[in-house]
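Questions regarding the structure given below will be posed in turn.
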């Protein structure tokens with residue numbers, strides 16, 4: 001099953017849409033869409049999946065996602081408990097690159113915004129003091145259609161000039177996703193995202209992609225520049241880092257929660273990938 005294609009297109013009388021999502025938890029669906037998406041997390045915590053990037057998310061996060069980049073926000077397990085009173089809230093703006101006209105981004109004054117949207121193909125997380133930006137987003141609903149459009153362009157320009165940002169998904173993932181036309185590896189990525197905690201066999205993924213195991217291995221390494229085993233290990237280590245930063249579980253629990261079968265192997269693989277032990281990594285990220 002490939003990432004779910006969701007229609008986020010604007011209505012005929014709008015060039016972009018602004019939605020306020022407020023639910024007990026966010027939509028638990030690995031998906032993509034033709035529109036770019038600007039997301040501001042107002043409430044809740046959990047794990048963010050964007051391409052092959054896996055990180056913890058929290059309130060106040062601002063992320064720009066490029067078109068057709070698979071993503072999912074997965075709330076922490078307490079948000080799914082029967083008697084939970086927790087709430088997940090976010091503002092999402094969906095728009096096409098030409099929302100202001102086909103030649104809009106060709107204007108000399110719009111070069112920085114054009115480069116911003118180009119970088120968004122990997123997903124961008126913005127950092128630093130974003131209080132002003134978040135305040136403007138929260139109040140954009142109150143503006144007239146004209147003022148709302150001007151404000152949105154101003155906000156994109158603000159992000160374009162923000163040097164405190166991080167590209168999320170790897171260029172390898174983006175290139176392989178484009179090369180396969182979302183027909184082969186996309187099904188594999190979907191399966192890995194949902195099952196990386198379990199024992200995933202090469203034969204399982206070969207069957208999903210309609211290849212024999214040897215052909216699948218060659219195909220995966222050719223387009224991704226790493227073996228499937230190396231890729232899966234990166235996903236598991238990334239998830240373990242997220243859990244270590246949260247500091248809610250013991251290292252032993254994090255080991256098995258991340259898909260490793262024994263603690264010694266987890267410690268060895270983690271240190272090889274991160275150049276420090278899980279316990280040292282956790283200490284480095286303690287907030288006081």
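The values are calculated or read from the model by the stated rules, or taken from the named source; none is laboratory data. Because the structure is predicted, anything quoted here is derived from the model rather than measured. Cβ: placed from backbone, ideal geometry, glycine included. Neighbour counts: every protein chain shown.
So which of 91, 134 ends up being farther than 19 Å from residue 29 by Cα, at pLDDT 95 or above and not in a loop (DSSP other than H, G, I, E, B)?
That would be 134, the only listed residue that is farther than 19 Å from residue 29 by Cα, at pLDDT 95 or above and not in a loop (DSSP other than H, G, I, E, B).
With the condition kept exactly as written, say whether any residue in segment 263-284 is surrounded by 14 or more Cβ atoms within 10 Å (Cβ to Cβ), touching a strand residue (DSSP E or B) at 6+ places or on another chain (Cβ under 9 Å), modelled with pLDDT under 90 and assigned by TED's automatic domain parsing to the domain that holds residue 195.
Looking through segment 263-284, none of the residues is surrounded by 14 or more Cβ atoms within 10 Å (Cβ to Cβ), touching a strand residue (DSSP E or B) at 6+ places or on another chain (Cβ under 9 Å), modelled with pLDDT under 90 and assigned by TED's automatic domain parsing to the domain that holds residue 195.
Could you list, in sequence order, all residues of segment 83-115 that are buried (at least 20 other Cβ atoms within 10 Å of the Cβ), within 19 Å of the chain's Cα centre (by Cα) and within 21 Å of residue 34 (Cα to Cα)?
Residues satisfying the conditions are 90, 91, 93, 94, 95.
Counting only residues that are buried (at least 17 other Cβ atoms within 10 Å of the Cβ) and under 21 Å from the mean Cα position of the chain (by Cα), which one in segment 193-219 is modelled with the highest pLDDT?
196
Please enumerate the residues belonging to segment 220-248 that are surrounded by fewer than 16 Cβ atoms within 10 Å (Cβ to Cβ) and over 28 Å from residue 207 (Cα atoms).
Of everything in segment 220-248, those that are surrounded by fewer than 16 Cβ atoms within 10 Å (Cβ to Cβ) and over 28 Å from residue 207 (Cα atoms) turn out to be 247, 248.
Can you tell me which residue in segment 61-77 is nearest to residue 189 (Cα to Cα), limited to those that are touching a residue at least 60 places away in the same chain (Cβ under 8 Å) and in a strand (DSSP E or B)?
By that ranking, first place goes to 72.
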